[in-house]
Every structure is written in C-alpha cells, then in structure tokens.
Amino acid sequence: MTQIISKSDLITWLNKLAESHVLIGPVNDNAGVTLFRKVSQAEEIAFDFTNTTLSPKEWFFPPTETLFTVERKDGQVELVPAEDVEAKVIFGMRPCDARGIALLDKPFLNEPADTLYQQHRDKTALIGLSCREVLPECFCTSMGTAPDDSSNMDILLTEVADGYIIQVVTEKGAALLAECPEGLLKQSEVTPPALSSAATVPIEGITEIMAENFDNVYWERLADRCLHCNLCAYVCPTCYCFDVRDYNDKGKVERVRTWESCQSSGFTRIAGGYDRRAGKAPHLRQRFYHKLFYFPAEFGSVACVGCGRCVKACPVNVDIREVIMDVHNLGGQSGQQ
Amino acid sequence: MFIIWEGKVDSSNPFIPHLATIQSVTDLTSDVKLFRIELNDPAVQENFDYKPGQFAFVSAFGIGESPFCITSVAHLSEGLEFAIRRVGTVTNSLHELEEGAIVGVRGPYGNNFPLKDYEGKNIFIIGGGIGMAPLRPVINFILGHRDSYGDLLVINGARTPQDLVFAPEFDTWSQSPNAKLELTVDRGDENWTGRVDLVPNVVKEIKPSPENTIAITCGPPIMIRFTLAALKELGFAPRQIVTTLEGNMKCGLGKCARCNVGDKYICKDGPVFNFEQISSLFEEA
C-alpha cells in the first residue's frame with residue numbers, strides 16, 4: 001500500500017505550506033521558458049512541465065548574492081552580514097537537479113563551510129517530482145541518478161492516474177507531510193507507470209582516460225567551434241565557479257558573489273595581464289577536466305547529473321555525451337601535439 | 001516550520017573580513033608601497049598567526065579585495081605588512097589610502113615555505129621585482145634564526161635601481177653572518193655601479209652549489225622560466241627548487257574554482273610548490 005494525494009488536494013497542501021514558507025515551483029513565463037520561481041499560491045505552478053530551462057541551483061547559490069554590506073558612520077566602518085534567508089519549500093525538483101544540489105554541497109559545505117550556502121540548504125525543503133518522460137537529451141541513469149530517484153529529496157512525489165504517490169525520505173519531509181490537512185492522504189495499490197530508458201553514456205573509467213589525454217590535440221579540435229558564450233555553465237546544475245566583487249551604489253557598498261564561468265576570457269587573468277590559461281582550447285578543456293577529472297579526484301563523483309541542459313543550450317553542439325564517448329575512443333594512446 | 005536554525009551563522013561567514021587599520025604607508029618604489037596594517041580587534045590580531053609564504057585578502061571597501069602575500073614575519077613585526085604594487089583596480093585604490101584608513105583583512109590562507117624542513121641547509125633566494133615580496137619574510141625569518149640555517153645567498157633583480165623593492169633592508173641582509181646579497185638591474189643609471197644583467201645570467205655566473213641547498217624563487221614568469229633552466233644546469237633537482245604561484249582567486253578556501261592548476265588549487269594546496277610538484281601538475285602553472 002502507498003499513500004497518494006489527488007492533484008487538487010496537493011494544491012491545498014502546498015497552499016498550507018505557503019502560509020509558513022516561501023513556496024517555489026516551476027512557472028511558465030510568457031516566452032516559453034520554465035523556471036523555478038516564488039509563487040503566492042500553488043495554482044501558479046506549471047504541474048505539467050518536463051524540465052525547467054534553468055536548474056533550481058539559483059535558490060541555493062543565487063546568480064548574485066550579497067555577502068555583506070559595508071556601513072560607514074562617523075568615520076567608523078561596520079560590516080553587516082547578509083540577512084537570514086527565508087524558509088523555503090521547493091516543489092517539483094527533478095531527481096537530476098536534486099543530485100546537482102547534493103554535488104554542490106561538496107565544495108560549499110567542505111570545511112570551512114560556506115555559511116550562506118549552508119543556510120539556504122538547511123532552510124529549504126525539497127518536494128521532488130519523478131519524471132514522467134525521458135527527454136532526448138537526458139542521460140541521468142549514467143550519472144548516478146534516475147527519473148524516480150528519491151535519494152536527494154525530502155519527499156518524492158510520483159504522478160499516477162488519480163494523483164501523486166508520496167514517498168517520505170527525510171525527517172524534514174515527514175515534518176512537511178505532517179502539515180498536510182487531515183483526510184487528504186489516501187491509501188492506494190497503484191504502481192508508478194514504467195518509463196523508457198534514458199540514453200546511456202560510457203562514464204565508467206572516464207577519469208583514468210582523462211588522466212592520459214590532457215595534451216591530446218582533441219581539445220584543440222573541439223574548442224575550434226566553441227564561442228565561449230558561457231551558456232553551458234549558466235544552465236548547468238553543478239557549475240559553481242564564482243566571482244566576488246564590490247558594488248558601490250551611491251555610497252551603499254555591498255560585497256556580492258556572482259556566478260562566473262571558466263569559459264570567460266578573464267577567468268584566470270591576473271592583475272598586470274598575465275593569463276596562464278590563454279586561448280580557446282585550454283578554456284574548454286578546463287570545463288571537461290573539472291567535471292570529469294578534478295571534481296571526481298577531490299570529491300569522489302563526476303560533476304555532471306545527466307540533465308542534458310548544456311546539450312540543448314550549446315549553440316554549436318558541443319555535447320558532453322559525445323565528449324565522454326570521444327575520450328573513451330582516445331583511450332590510453334595520447335595523440336600528443 | 002520544519003527547520004532548526006540557530007541563527008547568527010553569518011558571523012562565521014568566511015567571506016567577512018576583519019576590520020583593520022593602516023598604521024603606516026611607505027613608498028618602496030615608484031609603484032610599490034609597504035602597508036603596515038593592524039587588525040582592529042586586539043584579540044584577533046594577537047591570534048592572527050601566519051608563516052612565511054602565506055597570503056591574505058586585503059579589501060578596499062567599495063572597490064574589492066585581492067590576495068597578497070604577507071611580507072612580514074609573525075612576532076617580528078607589529079601587525080601585518082603587505083608590499084603592494086599598483087597594477088590593477090584594487091591596488092590602485094589601496095595606493096590612495098593613508099595612515100588611519102580602514103581596510104579589511106581575511107586569512108591567513110595557503111601553505112607556507114617549509115622552513116622547518118630546510119634547517120641546516122643553505123638557502124638560495126632568487127627574486128625579481130615585486131616577486132621579492134613573498135621572499136622577504138623567508139630572508140628575515142632565516143636571519144632571525146641564523147644558527148639554524150647554512151649560508152644565505154640572495155640574488156635580487158629589478159628593471160632599474162629604483163625598482164629594487166626592499167632597498168632599505170639591503171644593508172641588514174648583506175651584513176648578516178654568512179649572508180650574501182647580489183643585486184642586478186636590467187637598466188642602470190648614472191649612480192649604479194652594480195651589475196646590469198638578467199637574473200638567470202647572474203645565477204649562472206655565481207654558480208652556487210646545489211649541495212645541501214634549497215633554491216627559492218619568485219618573479220615574473222619569464223624570469224622563473226630561465227632561472228629554473230639555469231638552476232637545473234647547475235645540478236639543482238626539481239624538488240630543491242621552490243616557488244610560490246600567483247592566481248586569479250576569489251575565495252582562498254578552495255571553493256570558487258578559479259585558481260586550480262590541474263587538480264591542485266593555488267589557494268589551498270599552494271601557493272608554495274617545488275618544481276617536482278609543479279612538473280607533476282597537468283596544467284602549466
């Protein structure tokens with residue numbers, strides 16, 4: 001037996017949660033883009049979305065976030081920490097994106113912990129939604145997750161004909177469910193519908209082969225068509241490079257953190273102009289080495305969740321699935337320049 | 001509400017610097033100033049322990065923050081000293097500041113020169129331009145623990161005689177027991193009677209023995225490249241040659257992913273590396 005909730009009762013429950021938390025869910029905007037946005041009521045949520053254009057990473061690691069404000073009074077300087085973040089419930093998190101957050105935890109919560117990130121993390125609950133369909137760009141099952149993976153959620157819902165199956169995963173999830181008004185949860189024998197399988201990518205052994213091919217001419221060829229538009233990093237749920245800079249608006253000074261991409265031209269340039277990673281190929285190579293070699297070396301898993309967003313976003317079809325296959329074909333014989 | 005949150009976590013936000021006050025500003029060259037900075041909270045200043053080779057971020061509030069090596073030696077100086085060349089936005093702004101100005105300091109970060117391991121060895125310092133800034137605390141540490149080390153040889157090069165950053169300290173360095181200082185410039189002037197030559201050529205000319213010696217170098221990339229070749233020619237093994245790397249970095253904590261050289265971070269695994277370690281990195285440092 002499983003617990004299920006009808007769609008209209010789910011909306012009632014989410015609206016109850018919205019009374020004490022900021023409710024965030026996938027919302028369609030006018031331009032055909034689906035993004036995780038704050039909603040004042042659950043009726044605004046796009047329940048029938050496939051995957052969102054941007055990952056919900058922005059709710060844990062915002063594109064621009066104030067670290068502290070500098071207050072000057074009578075010649076004195078005071079640094080005012082960023083305000084406490086709000087308690088949030090994110091509805092509709094896909095398993096790939098939840099794994100993305102779990103991967104972001106590794107650098108951000110590694111000692112010394114990034115306390116702002118930690119606060120976002122602790123004060124946010126994830127109500128996940130199993131995928132109803134596998135998209136052509138999806139390859140999550142090769143990247144340590146699956147369309148029905150509950151492991152990084154607080155609650156996972158799975159859509160069935162007469163509602164949603166409820167799977168409570170964590171204590172946080174149990175606390176959320178305890179706020180569900182009485183009588184809305186039903187017992188059912190229903191089982192989730194079967195899905196077609198996602199494309200598979202040969203990720204086994206990739207780090208060992210990457211180790212052999214850093215100087216391979218392959219990266220030059222691949223980078224020839226790269227425009228360094230940074231879209232891949234922008235849409236990626238696991239890209240976490242950042243910049244820190246000061247904004248000075250009419251004397252109001254804030255130190256902010258912003259998203260940054262290893263594809264941007266000034267990424268490694270130091271004052272005086274010297275850039276040890278000049279050129280297109282070293283930039284693009286850094287993206288794949290960080291995801292497939294450095295991150296696994298540091299934290300034990302590949303920094304990709306198989307969501308396929310970069311595959312869809314890239315204007316010149318640089319496709320991480322092809323790169324992984326190509327690297328396998330390069331094998332141990334490095335085609336040194 | 002489902003969250004147990006203790007609050008006040010942001011007081012431990014590692015990005016919030018300590019407030020600090022500039023105690024003095026000294027012109028070292030036309031574009032390098034020495035800033036002596038004390039942290040405003042005496043208890044924090046007291047506990048701010050650091051070793052030669054470590055760095056800290058200095059903030060010019062409203063402009064930004066940048067990483068700088070700490071050029072003083074803990075317990076030998078009051079507060080922290082930074083030798084800062086005017087070369088970009090933050091350094092331009094810092095150069096505008098005077099005694100009494102409030103800045104931010106966070107750190108110390110990174111590893112350090114393993115001076116304990118070098119005890120009993122001869123130390124050969126090769127520095128060019130502002131590259132002397134991280135080497136100065138090594139020299140002063142060794143002179144402060146003179147009996148623990150063998151001979152000290154310093155080769156210091158600069159573009160012109162006016163660009164020799166730590167000129168006021170040259171007498172102290174050269175007059176210390178078993179210490180020798182060799183200066184060289186790219187272009188002399190009417191008062192200059194010393195060498196006019198490139199640093200790597202001076203290394204080749206002086207020919208220090210690699211026997212029981214550690215060479216520590218920092219300077220412009222081109223100087224490092226040819227100095228490394230000269231040292232290898234003299235028989236120095238890569239692990240006997242040590243340098244400190246510079247990188248564009250934003251956190252100092254191994255999080256912003258800006259300063260990686262291959263699978264190592266300059267901020268966390270470095271900035272001090274020997275050339276055996278550097279040659280095992282994937283990427284050119």
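Just so it is clear, none of the values below were taken in a lab; they were calculated from the coordinates. Since the model is a prediction, treat every value here as computed from it, not as a measurement. Neighbour counts are summed over all protein chains in view; Cβ atoms, including those assigned to glycine, are modelled from backbone coordinates with ideal geometry.
Observations
- Beta bridge orientation in chain B: antiparallel %, DSSP, nearest 5: 55 percent
- Look at A:L227, B:L39 and count the other Cβ atoms within 10 Å of each Cβ; fewest to most, that gives A:L227, B:L39.
- Counting only alpha carbon atoms, the long axis of helix B:221-233 and the longest principal axis of chain B meet at about 50°.
- What the phi angles of the stretch A:112-125 give under the Karplus curve with 6.51, -1.76 and 1.60, with θ = phi - 60°, is a coupling list of x, 4, 7, 5, 5, 4, 4, 5, 4, 5, 5, 9, 10, 10 Hz, glycine and proline written as x.
- Using the Cβ-Cβ distance between A:K7 and A:E322 with R0 = 51 Å, the FRET efficiency computed as 1/(1 + (r/R0)^6) comes to roughly 0.85.
- Surrounding net charge for B:D263, when Lys and Arg each add one and Asp and Glu each subtract one, Cβ distance under 10 Å: -2
- Built amide H within the under 5 Å cut-off of A:L129, gap 5+: A:G92, A:M93, A:R94, A:L157
- Loop-resident sites, the stretch B:69-107, for GluC sites (Glu not before Pro), counting at most 16 other Cβ within 10 Å (DSSP): B:E78, B:E98, B:E99
- Total charge dipole magnitude, the stretch B:149-250, about the Cα centre, Cβ charges on Lys, Arg, Asp, Glu only, Debye to nearest 20: 460 debye
- Here's how it looks for B:G219: its modeled amide H is under 5 Å from those of B:G128, which are all 5 or more places away or on a different chain.
- Furthest towards positive pole of dipole, A:P95, A:A46, A:V70, structure part the stretch A:36-105, Cβ charges: A:P95
- Where only DSSP H runs of four or more residues are counted, the protein assembly as shown gives -6500 deg cm²/dmol as its mean residue ellipticity at 222 nm, each run worth -39500 (n - 2.57).
- Taken along the Cα-to-beta-carbon direction at a fixed 7 Å, the label points for B:T89 and A:S188 span 5.4 nm.
- 3J(HN,Hα) along the stretch A:85-96: 7, 7, 6, 10, 10, 9, 9, x, 5, 7, x, 5 Hz, from the Karplus curve 6.51 cos²θ - 1.76 cosθ + 1.60 with θ = phi - 60°, whole Hz, x for Gly and Pro.
- Rg and Dmax of chain B, both derived from C-alpha coordinates alone, stand at 19.5, 77 Å.
- Only beta bridges with both residues in the protein assembly as shown are counted; by DSSP, about 65 percent of them are antiparallel.
- Dipole moment magnitude, nearest 20 debye, the stretch A:203-260 about Cα centre, only Lys, Arg, Asp, Glu C-beta charged: 500 debye
- With a Förster radius of 35 Å applied to the beta-carbon distance between A:A278 and B:S24, the computed FRET efficiency rounds to 0.35.
- Put simply, the amide H of B:I125, placed in the peptide plane, has neighbours under 5 Å in B:L153, B:V154, B:I155, B:I216, leaving out anything fewer than 5 places away on its chain.
- Listed residues A:T170, A:S20, A:P112: farthest to the positive end of the dipole of chain A (Cβ charges): A:P112
- Under Karplus coefficients 6.51, -1.76 and 1.60, residue-wise ³J(HN,Hα) of the stretch B:82-94 in Hz, glycine/proline x: 10, 9, 10, 8, 7, 9, x, 4, 5, 5, 4, 5, 4
- Residue exposure proxy: B:W192, B:W173, A:W219, ordered by other Cβ atoms within 10 angstrom of their Cβ from fewest to most, comes out as B:W192, B:W173, A:W219.
- Using only side-chain charges placed at the Cβ, +1 for Lys and Arg and -1 for Asp and Glu, the dipole size of chain A relative to its Cα centre rounds to 860 debye.
- Projecting the Cα atoms of A:P296, A:V316, A:T207 onto the dipole axis of the stretch A:206-330, where Lys and Arg carry +1 and Asp and Glu carry -1 at the beta carbon, places A:V316 farthest toward the positive end.
- Each DSSP beta bridge with both residues in the stretch B:57-182 is either parallel or antiparallel, and the antiparallel ones are about 40%.
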